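**Q** Mind looking over this structure? Questions follow.
The values are calculated or read from the model by the stated rules, or taken from the named source; none is laboratory data. Keep in mind that this is a model prediction, so the values were computed, not measured. With ideal geometry, Cβ positions are generated from the backbone for all residues, glycine too; neighbour counts draw on all protein chains shown.
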Amino acid sequence: MKRRYSIIILFLFLIQCIDTGKKEMDVINSQDKVAIEMKFIETGFAHSPEEPLLFDVTINNLSGQTKWVIFPGKIDFTRKKEERGGVDGLSILQKKENENRIVLGIFMGTGGFQVLNIPPEAEIHLGKFSISHWDEDIHIINTPFSIEIIIANDISIGGKPARDWFTVDPLCSAKADILCENLVILDEIMTPDNKEHPVTINKEYSYNLYFDLKKSFTGQWK
């Protein structure tokens, strides 16, 4: 009888160890990623049909490696992802105050996107970060939407590494806190043939951040 109880106790102990190990592994996995938080602030003023949506964005790179963080250039309620094309240019924006340096790359075209290159242990806050949407029939407050954010190791455009498109070092400071409206355009580069080139992303993982502004201005991960 004692032996039987011993076996049961040992079995329960092993289950607890496995469960504890799984929980610890989940914590480890959550600690080696890029953590991102976004909160909607307001709609901005635009000189075109594209209406900018302004967000507060906080990025913490817990991975220990340099990463590319990719945001959409705009929210498109009608075009499917597979219908999007490539990019035909890059606008480089920068803000530097002492060691507080941000370089934002805006790749243009039907497959356009915005990108930051962040170092290990980076803690970055972007105030009034803009993502536009273009649909006169959509009232953004009444229409739930999602934003996909991609974490990548490498990006290439037309076979050329994204880093080589920049005329300055794209790596941001490890610590930065800026208002995006203070970013200054440093340079604009177009493809040699003025045509869109295909984008290849070495994607590590991605997040879908869901917004329902009637309920909350803070995005929820889905």
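**Q** For region 86-108, check the following and say yes or no: at least one residue is closer than 25 Å to S63 by Cβ and modelled with pLDDT under 80.
**A** yes
**Q** Which one is surrounded by the fewest Cβ atoms within 10 Å (Cβ to Cβ) among residues in region 66-85 that are assigned to a loop (DSSP other than H, G, I, E, B) and at pLDDT below 95? Steps first, please.
**A** Step one: of region 66-85, the residues assigned to a loop (DSSP other than H, G, I, E, B) are 66, 73, 76-80, 84-85.
Then keep just the ones that are at pLDDT below 95; that gives 73, 76-80, 84-85.
Values: G73: 22, D76: 17, F77: 12, T78: 9, R79: 11, K80: 7, R84: 18, G85: 14.
So, considering only residues that are assigned to a loop (DSSP other than H, G, I, E, B) and at pLDDT below 95, the one surrounded by the fewest Cβ atoms within 10 Å (Cβ to Cβ) is K80.
**Q** On to the next question. Looking at (1) within 17 Å of the chain's Cα centre (by Cα); (2) modelled with pLDDT of 90 or more; (3) buried (at least 17 other Cβ atoms within 10 Å of the Cβ), which one does A35 not meet, given that it meets all the others?
**A** The single condition A35 does not satisfy is (3).
**Q** Among the residues of region 162-180, is there at least one that is of a type in the set (K, R), out of contact with any helix residue (DSSP H, G or I) (no Cβ under 9 Å at 6 or more places or on another chain) and surrounded by 13 or more Cβ atoms within 10 Å (Cβ to Cβ)? Show your work before the answer.
**A** If we filter region 162-180 for residues that are of a type in the set (K, R), which is where we start, we get 163, 175.
Subsequent filtering for residues that are out of contact with any helix residue (DSSP H, G or I) (no Cβ under 9 Å at 6 or more places or on another chain) retains 163, 175.
After this cut, where a residue has to be surrounded by 13 or more Cβ atoms within 10 Å (Cβ to Cβ) as well, the list is 163, 175.
Yes, region 162-180 contains at least one residue that is of a type in the set (K, R), out of contact with any helix residue (DSSP H, G or I) (no Cβ under 9 Å at 6 or more places or on another chain) and surrounded by 13 or more Cβ atoms within 10 Å (Cβ to Cβ).
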